[in-house]
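Notes for the one structure printed next.
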Amino acid sequence: MDTAQLRQAAARILGFLHPDGTLTPDRVHRADRDLSLHRNPDGSGDVRARLTPACYALWETILEPLARKRPDDGCGPDLRSPGQRRHDALEDAAKRLLRTGELPSTAGVVTTLMITITLHQLETRAGQATTGHGGQISIAEALRLAADGKALPVVLNAAGGILAYGRARRLASPAQRLALIARDQGCTFPGGRETAARSEMHHITDWANGGTTDTDKLALACDYHNNEAPRQDWYAIMLHGVPHWVPPPHIDPHRKPQRNRVHRG
């Protein structure tokens, strides 16, 4: 046996010898449980935890499918390490949890990631934005989170006064969501195969550029294309009330808008 097989065999033997768990009773696990978050000066962070068997089983179940590479994301071979996959899965799980709106309220309002930036930072796309807990993230990342509807941005003037208070995309009404599902049926990016259930709302005009949460200004896009398509110089437009995506010049020098017909058969 290699070490992994030996560890698995030992765990099974231990299960037979101590089926009632008397060797490591639950009260020991409960007493030892711990989790700490440490923020680094650059805004990144370290997570250290000792989880109970039940908590570990829950997160193992949650992270395993999220860490898998999506077969149709169109990004080629997945070059991430196992640890990077688990990190990205943890981030994905957090975004999904925020979207549910089921977290306990904070200061009387729904728990929301609040990001504060200045007008100068917004205009220059330079500097560091501040989170509601005092953390620092890049302006580009702050705007991406705001555009994805996973953060609520607040823009301040030089004196600290509020100039703009953004609306998170997840605040779209259930009726708007149903309308988009009926119209788009899934990810609208050309060739995208993700269903509506696995897609998010994408602002045709980004929040930072004055985009609004109106049905005719929204389109369904899977998480991958919601984030990566704009980075690769694709952008969405509406033609005859239907979302189309304009490719970058290196793909189509004429930049002819493309429509996804995968969900239409």
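What the table below lists for this structure:
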{"read-out": "First in the range 33-56 and polar (S, T, N, Q), second anywhere and open to solvent by 70 Å² or more (accessible area, probe 1.4 Å), Cβ under 9 Å, 6 or more apart", "value": "S36/V47; S36/R48; T52/D26; T52/R30; T52/D32; T52/R33"}
{"read-out": "Within the range 198-225, considering residues that are at pLDDT below 80 and of a type in the set (A, V, I, L, M, F, W, C), the one most open to solvent (accessible area, probe 1.4 Å)", "value": "W207"}
{"read-out": "Scan of the range 41-50 for residues that are at pLDDT 90 or above and open to solvent by less than 100 Å² (accessible area, probe 1.4 Å), ordered by number", "value": "G45, D46, V47, A49"}
{"read-out": "Verdict on A158 being surrounded by fewer than 16 Cβ atoms within 10 Å (Cβ to Cβ), at pLDDT below 80, farther than 18 Å from D214 by Cα and in contact with a Ser or Thr (Cβ under 9 Å, 6 or more places away or on another chain)", "value": "yes"}
{"read-out": "Test: residue in the range 82-100 that is modelled with pLDDT under 75 and open to solvent by less than 60 Å² (accessible area, probe 1.4 Å)", "value": "no"}
{"read-out": "Of all residues making up the range 12-30, the number that are under 30 Å from E91 (Cβ atoms) and modelled with pLDDT of 75 or more", "value": "1"}
{"read-out": "Residue in the range 163-186 that is in a loop (DSSP other than H, G, I, E, B) and at pLDDT 80 or above present", "value": "yes"}
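The values are calculated or read from the model by the stated rules, or taken from the named source; none is laboratory data. Predicted model, so just to flag it, every value in this text is computed and none were measured. Glycine also receives a Cβ, built like all others from the backbone with ideal geometry; neighbour counts cover every protein chain displayed. Heavy atoms of the whole protein, side chains included, go into the accessibility calculation; ligands, DNA and RNA do not. Shrake-Rupley method; radii C 1.70, N 1.55, O 1.52, S 1.80 Å.
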